[in-house]
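Everything on this sheet refers to the single structure shown next.
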Amino acid sequence: MKQSLIIALDFPDLLQTETFLKQFHSEKLAVKVGMELFYQNGPSIVSFVKEQGHDVFLDLKLHDIPNTVKMAMTGLAALGADMVNVHAAGGQKMMEAAMEGLDKGTSAGKKRPLCIGVTQLTSTSQEQMNAEQNIAGSLEDSVLHYANLTRQAGLDGVVCSTHEVKNIHERIGHEFLTVTPGIRSAGGQTHDQKRIATPEQARDFGADAIVVGRAITGAADPLRAYLDMKAAWEGISC
Ligand SMILES: O=C(O)c1cc(=O)[nH]c(=O)n1[C@@H]1O[C@H](COP(=O)(O)O)[C@@H](O)[C@H]1O
C-alpha cells in the first residue's frame with residue numbers, strides 16, 4: 001500500500017459502499033474499511049471489497065490485553081486484508097502479540113498483512129494530549145516515542161499526522177511506513193481533525209500513504225475529488 005491514496009470507506013452499509021465504488025468504474029483503488037462499516041456489515045465486507053480488485057486497509061485499531069489482541073489478529077489475518085492496525089498505546093507486549101497472531105493466522109504461501117501502530121490520533125491536539133491523557137511534553141515527542149515502541153515490537157510502520165513524518169523517517173528510517181490521515185485540500189473543512197495537511201504537504205514531508213475520507217466521500221463529485229486529490233499527492237498538475 002506504499003505511495004497509495006487510501007479512501008476511507010466510512011459508510012454504514014453495503015449499498016452505500018457499492019454505490020460509491022461503482023463511480024470509480026475499473027480504477028483499482030486502495031480503500032480503508034473502518035469500524036463503522038465493519039461493525040455493521042461483518043467480516044464479509046473485506047472479501048466483498050477485495051473481490052472488486054481493491055487493496056484493503058482494515059482499520060479496527062485493536063487495543064486490549066496481549067492475548068485478546070493475538071487471538072483477534074489470528075482471525076483478522078485470514079480475512080485477506082492488506083494492512084491492519086493497533087493502538088501503540090496498548091504497549092510493546094500487545095503489539096508483539098498482534099504480530100504473533102498475524103503470523104499464526106496467515107495461510108501458508110500468503111503474505112502477512114502489514115501491521116501499523118496508531119500513535120496519537122490526528123484528532124488530538126497538543127493541549128488535549130497534555131490535559132486529557134496527562135502526557136507532559138510535546139506531541140511530536142509522544143508520536144516519536146510510540147513510533148519507536150512500534151518499531152521495537154516489529155511492526156511495519158505507524159499512523160501519524162503529516163507533521164511528524166519527517167522526524168520519524170529521520171530517526172527510525174525511511175523504510176518504516178508512515179500512513180497519514182487528516183488530509184484536506186487547502187481551505188477544506190477540517191471537521192473533527194486537529195493535525196491536518198494538504199496532499200502536497202504529505203508528499204513533500206515524505207508520507208508513505210495518505211488516508212482521505214470526507215474530502216472525497218462527501219464531495220458532490222467523488223471521482224473528480226479523488227482524481228484531484230491523487231494528482232496533488234502524486235505531484236501531477238491536471
Ligand atoms: O487509523 C486511521 O485510519 C486514523 C487514525 C488517525 O489518527 N486519524 C484518522 O482520522 N484515522 C482515520 O482516517 C479517516 C479520516 O477521515 P476524514 O477525516 O474524513 O478524512 C477516518 O476513517 C479515521 O478513522
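The values are calculated or read from the model by the stated rules, or taken from the named source; none is laboratory data. Being a predicted model, the structure only gives us computed values, none of them experimental. Cβ coordinates were reconstructed from backbone atoms using ideal geometry, including for glycine residues, and neighbour counts include every protein chain displayed. Just so you know, the surface numbers come from the protein's heavy atoms only, side chains and all, with ligands and any DNA or RNA stripped out. Shrake-Rupley method; radii C 1.70, N 1.55, O 1.52, S 1.80 Å.
Does Asn134 fit the bill of being in a loop (DSSP other than H, G, I, E, B), away from the ligand (no atom under 16 Å from the Cβ), open to solvent by 50 Å² or more (accessible area, probe 1.4 Å) and polar (S, T, N, Q)?
So Asn134 fits the description; yes.
Among the listed residues Lys104, Lys93, Lys110, which satisfies the condition of being open to solvent by 20 Å² or more (accessible area, probe 1.4 Å), among the basic types (Lys, Arg), touching a Pro at 6+ places or on another chain (Cβ under 7 Å) and more than 13 Å from the ligand (Cβ to nearest atom)?
On the way: Lys104 fails: touching a Pro at 6+ places or on another chain (Cβ under 7 Å); Lys110 fails: touching a Pro at 6+ places or on another chain (Cβ under 7 Å).
Testing whether each residue is open to solvent by 20 Å² or more (accessible area, probe 1.4 Å), among the basic types (Lys, Arg), touching a Pro at 6+ places or on another chain (Cβ under 7 Å) and more than 13 Å from the ligand (Cβ to nearest atom) leaves just Lys93.
Just to be sure, is Arg214 in contact (Cβ under 8 Å) with a residue 60 or more places away in the chain, basic (Lys, Arg) and within 17 Å of Thr122 (Cβ to Cβ)?
For Arg214, the condition - in contact (Cβ under 8 Å) with a residue 60 or more places away in the chain, basic (Lys, Arg) and within 17 Å of Thr122 (Cβ to Cβ) - is met.
If you scan the range 190-212, which residues turn out to be small (Gly, Ala, Ser) and buried (at least 20 other Cβ atoms within 10 Å of the Cβ)?
Residues satisfying the conditions are Ala197, Ala202, Ala207, Ala209.
Considering each residue of the range 39-64, count those that are within 13 Å of the ligand (Cβ to nearest atom), under 21 Å from Ile210 (Cβ atoms) and open to solvent by less than 30 Å² (accessible area, probe 1.4 Å), and give that number. Give the steps one after another, and end with the answer.
In the first step, residues of the range 39-64 are kept if they are within 13 Å of the ligand (Cβ to nearest atom); the result is 39, 56-63.
When the remaining residues are screened for being under 21 Å from Ile210 (Cβ atoms), the result is 56-61.
Now restrict to residues that are open to solvent by less than 30 Å² (accessible area, probe 1.4 Å): 56-60.
The total comes to 5.
So, of the residues in the range 153-189 that are of a type in the set (Val, Ile, Thr) and not in a strand (DSSP E or B), which turns out to be surrounded by the most Cβ atoms within 10 Å (Cβ to Cβ)? Step through it out loud before you land on a result.
The initial filter retains those residues of the range 153-189 that are of a type in the set (Val, Ile, Thr), namely 158-159, 162, 165, 168, 172, 178-180, 183.
With the extra rule that they be not in a strand (DSSP E or B), the set shrinks to 162, 165, 168, 172.
Values: Thr162: 25, Val165: 23, Ile168: 28, Ile172: 17.
Among those that are of a type in the set (Val, Ile, Thr) and not in a strand (DSSP E or B), it is Ile168.
Limited to the range 147-164, what total is found for residues that are under 16 Å from the mean Cα position of the chain (by Cα) and of a type outside the set (Asp, Glu)?
Residues in the range 147-164 being under 16 Å from the mean Cα position of the chain (by Cα) and of a type outside the set (Asp, Glu): 10 in total.
Looking at Met73, Met129, can you tell me which residue is more than 23 Å from Lys32 (Cβ to Cβ), open to solvent by less than 20 Å² (accessible area, probe 1.4 Å) and either among the aliphatic types (A, V, I, L, M) or within 13 Å of the ligand (Cβ to nearest atom) (or both)?
Working: Met73 fails: more than 23 Å from Lys32 (Cβ to Cβ).
Within the list Met73, Met129, the selection yields Met129.
In the range 192-219, which residue that is closer than 16 Å to Val159 by Cα and among the small types (Gly, Ala, Ser) is farthest from the ligand (Cβ to nearest atom)?
Gly206
Return the pair list, or none, for Cβ contacts closer than 6 Å from residues in the range 50-70 that are under 18 Å from Arg112 (Cα atoms) and at pLDDT 95 or above to residues that are basic (Lys, Arg) and part of a helix (DSSP H, G or I), at least 6 apart or on different chains.
Once the first residue is under 18 Å from Arg112 (Cα atoms) and at pLDDT 95 or above and sits in the range 50-70, its partners that are basic (Lys, Arg) and part of a helix (DSSP H, G or I) give Val56/Lys50.
For the range 6-22, how many residues are closer than 17 Å to Lys50 by Cβ and out of contact with any strand residue (DSSP E or B) (no Cβ under 6 Å at 6 or more places or on another chain)?
Adding up the residues that qualify gives 7.
Would you check if there is a residue in the range 138-150 being free of Cβ contacts under 8 Å to residues at least 60 places away in the same chain, part of a loop (DSSP other than H, G, I, E, B) and surrounded by fewer than 19 Cβ atoms within 10 Å (Cβ to Cβ)?
yes
Of all residues in the range 213-238, which are open to solvent by less than 40 Å² (accessible area, probe 1.4 Å) and among the aliphatic types (A, V, I, L, M)? I'd like the intermediate steps shown before the answer.
Looking only at the range 213-238, we keep the residues that are open to solvent by less than 40 Å² (accessible area, probe 1.4 Å), and these are 213, 215-217, 219, 222, 225-226, 229, 231-233.
Hits for the range 213-238 are Ala215, Ile216, Ala219, Ala225, Met229, Ala231, Ala232.
Please pick out the residue among Thr68, Thr19 that is of a type in the set (Val, Ile, Thr), surrounded by fewer than 16 Cβ atoms within 10 Å (Cβ to Cβ) and closer than 30 Å to Asn148 by Cβ.
Only one candidate qualifies: Thr68.
Within the range 32-41, does at least one residue satisfy the condition of being part of a loop (DSSP other than H, G, I, E, B) and not hydrophobic (A, V, I, L, M, F, W, C)?
There is at least one residue in the range 32-41 that is part of a loop (DSSP other than H, G, I, E, B) and not hydrophobic (A, V, I, L, M, F, W, C).
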